[in-house]
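Below is one structure, written out as structure tokens, with a few remarks after it.
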Amino acid sequence: MPEIAITLPDGSERSLPEGSTGGDLAASIGRRLAKDAVVVVVDGEPRDLAAPLADGESVRIVTIKDPDVAEYLRHSTAHVLAQAVLNLWPGATFAGGPAIENGCYYDFELPGGATFTDEDLERIDAEMRRIIAADQPFERFELPLDEARELMADHPYKRVFMDLAAAGESADGEVSGGETISFYRNTPEFVDMCLGPHVPSTGRLANFRLTRHGGAYFRGSEQNPMLQRIYAVAFPTAGELEAFLHQQEEAAARDHRRLGVELDLFSFPEEVGSGLAVFHPKGGIIRRLMEDYSRKRHEEAGYEFVYSPHITKADLFETSGHLQWFAEGMFPPMEIDAPESADGEGAGTSYYLKPMNCPFHILIYRSRMRSYRELPLRMFEFGTVYRYEKSGVVHGLTRVRGMTQDDAHIFTTKEQMADELGSILTFVLDLLRDYGLDDFYLELSTRPPEKAVGSDEEWEEATSALRGAAESMGLELVLDEGGGAFYGPKISVQARDAIGRTWQMSTIQVDFQLPQRFDLNYVGADGERHRPIMIHRALFGSVERFFGVLVEHYAGAFPAWLAPEQVRVLPVADAHLDYALQVAAQLRGGGARVDVAPADETLGNRIRRAKGEKLPYVLVVGDDDVARGTVGVNPRGGEVERDVPVASFAERLAADVAGRH
RNA sequence: GCCCGAGUAGCUCAGUUGGCCAGAGCAGCUGUCUUGUAAACAGCAGGCCGUCGGUUCGAAUCCGACCUCGGGCUCCA
């Protein structure tokens, strides 16, 4: 029998009979490997274990232990999900079902426009486990386009994918544009169109959980019908699934919406309106400290502070272009002196709530002639803006309709731009670190393919300046090709929090458009007028959002410098109250935020309350302390210490605050 | 904006197929207790059952609209 030669990743060669598959290869190496093999990667291309190998190919066997394997498991899990739904809902049809981070989803259309319920997920889960227990094989086959369309006669969305691919357009990875269409068959009844590869059989899939269901537009467009999507998470091992679910629980316990209520930080009164927050006194302390520190650092970094009103006449946003491009995201206008109240003479004036601060800062710039000697000119404002976010997107403090941006606009010459971008980025990252975030990556968004203002040279110059600044930070840089706004490229800073979630924080955006629209200029050393370049820069993004991120990052346990109440002094009995008040006064004299909880309740209960409120320090004072001038220190997350002199505790607290711990 | 779900006391939740006075725990208040490190005891008070309309002899419960919240899609200048 003729043999083929296969190269393995370690460079060694193996001979196998012609027609051997990846599975045969694994079996020829070892029984254990054959059992653990999931797919093979042939000359860089993933394939099914059952696909025949050819002479001279390089093959890597992907096993259950391989980090790449999750993607295949997830994709195969999606097929099982689809089969389960089609089994349970005769007449249902299905659209796309890709693997995604941590799992997969599948989109369906149920007969009669039905939707899924939570109970349905349980039924589907049970059916999926039945399919997995049956250990159905994934069998690949290919058909020419016309036969493929025939096979999917009952599934119009699948045929849309085929047509898209045939027309050379993106089919969302569901099908490629070749001569034939590939399918996978699990049972005589269930076939799904798919590029593959898949695990050899459904028995390999066990560690999944259905998580959510909801509506989703076909191919993500509001123009298309809404399908019903089911999400699953899936992992190679039960341990990974458990770990993931545990992490989800941990994240839920940190949810700033929940902690905001529990810790009495902020609320969203229904009477005020959706997406409009009020900050309670404890949240107010944190917010003020955040803002104060930011102001101090901005002042040191050469920013000048400006202020602007919350509303303005429509003209300003006509000039800026906001009404042309973003009117949908703005609150509707207030009509002042409308025609009916002005005896029909003349049009009324429209005032808008501002969605951005930049036009105001531009007017300040333009209020007089500017010299190159003034540049870079850095204007900073905690500017409150209002955006009419769509009703379905408002979410806690992270997506609101009224927010305060820590907004700065920097006007520079073209020559200064690169240096300025570098120092802004350094400034931003340093400041974020002071707030306790220290794990970042950067994203560079470049010119969008279609609409864009500014010349190619300008884009190139600004983009490379941004890239240079980003690279000099020594951080991971992700390219977001074509993801920039039409008016200029940008860098966004993504921060990973204490449990590894990423949040988009600061953005640094170059703007070619507004200096033009407002005809900004400065007089250069040559006596000629030149156009400045404008950089938009927000560090927190919005104070509200950053507040929410910090709540989640710290799980509500704010470091001493931000904690609303840093210390609570608990007298053991009434007899020790005077001493407790004295200790509190002494600490307060050093600038600490201290309260005393009198002995109306048991000590244990007062400790419990203070712990629930996540105070950095609880001090207990009794007879011994009164006698010796000491305190008992019960630090958050630490061991109780007795007989600590008040002065040394005060020093410790001061050190915490100074070190932002 | 679209699809699904939910709104009962400050918070977390019970409230059977529509049937008198709507319940609990925690929090709050008042007493008693005076305590050395995560829940002392007793009592009191607290709700137009999200809002408006409808069905009904009768609505927290059924129907509709609206508001708000949660999940998903789209969006996030």
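The values are calculated or read from the model by the stated rules, or taken from the named source; none is laboratory data. These numbers come from a predicted model, not from an experiment. For neighbour counting, all protein chains shown are included, and Cβ atoms are generated from backbone atoms with ideal geometry for every residue, glycine included. Just so you know, the surface numbers come from the protein's heavy atoms only, side chains and all, with ligands and any DNA or RNA stripped out. Shrake-Rupley method; radii C 1.70, N 1.55, O 1.52, S 1.80 Å.
Each label point was placed 7 Å from the Cα along the Cα-to-Cβ direction; for A:Ala252 and A:Ala134 their separation is 3.2 nm. Which of rounded, prolate or oblate describes chain A when judged by the alpha-carbon gyration tensor and an a/c cut-off of 1.5? Note, shape of chain A comes out oblate. For A:Arg370, the residues whose modelled amide H falls within less than 5 Å of its own, excluding neighbours fewer than 5 places apart on the same chain, are A:Val523.
Across the options A:Gly392, A:Tyr579, A:Met334, the greatest Cα extent toward the positive end of the charge dipole of chain A (unit charges at beta carbon of Lys, Arg, Asp, Glu) belongs to A:Tyr579. What you get for chain A, charging only the Cβ of Lys and Arg (+1) and of Asp and Glu (-1), is a dipole of about 1680 debye around the Cα centre.
How would you classify region A:3-63 from its alpha-carbon gyration tensor, with a ≥ b ≥ c the square roots of the eigenvalues: rounded for a/c under 1.5, else prolate if a/b is greater than b/c, otherwise oblate? Taking the square roots of the gyration eigenvalues as a ≥ b ≥ c, region A:3-63 is rounded.
For the residue pairs A:Lys35/A:Lys158; A:Lys354/A:Lys490; A:Lys158/A:Lys390; A:Lys354/A:Lys414; A:Lys158/A:Lys490, the alpha carbons lie more than 26 Å apart in A:Lys35/A:Lys158; A:Lys158/A:Lys390; A:Lys354/A:Lys414; A:Lys158/A:Lys490. To put it simply, the accessible area of region A:69-248 at a 1.4 Å probe is 47 percent carbon and sulfur.
Rg ratio for region A:333-467: its Cα radius of gyration over 2.2 N^0.38 Å, N being its residue count, equals 1.41. Counting only lysines at least 8 places from A:Lys611 when in the same chain, those with an alpha carbon closer than 29 Å to its own are A:Lys282. Counting only protein heavy atoms and a probe of 1.4 Å, the accessible surface of region A:567-658 is 51% carbon and sulfur. Placing +1 on each Lys and Arg Cβ and -1 on each Asp and Glu Cβ, with no other charges, gives region A:231-317 a dipole about its Cα centre of roughly 300 debye. Straightening the chain between A:Arg295 and A:Met226 buys 20.1 nm, computed as 0.36 nm per residue apart minus the Cα-Cα spacing.
When the accessible area of region A:418-508 is split by element with a 1.4 Å probe, what percent falls to carbon and sulfur? Heavy-atom surface of region A:418-508 belonging to carbon and sulfur, 1.4 Å probe: 43 percent. Taking the helices alone, chain A has a mean residue ellipticity at 222 nm of -10500 deg cm²/dmol, built from -39,500 (n - 2.57) per DSSP H run of at least 4 residues and averaged over all its residues. At a threshold of 8 angstrom on Cα-Cα distance, excluding pairs fewer than six apart, so keeping six or more, what relative contact order does chain A reach in percent? 8 percent. Dipole orientation for chain A: of the candidates A:Ala84, A:Val160, A:Ala560, A:Ala560 has the Cα lying most toward the positive pole (charges on Cβ; Lys, Arg +1; Asp, Glu -1). Counting only heavy atoms of protein chains, what accessible area per residue, in Å², does region A:567-658 have with a probe of 1.4 Å? For region A:567-658, the per-residue accessible area is 50 Å². Computed over protein heavy atoms with a 1.4 Å probe, the accessible surface of region A:69-248 works out to 45 Å² per residue.
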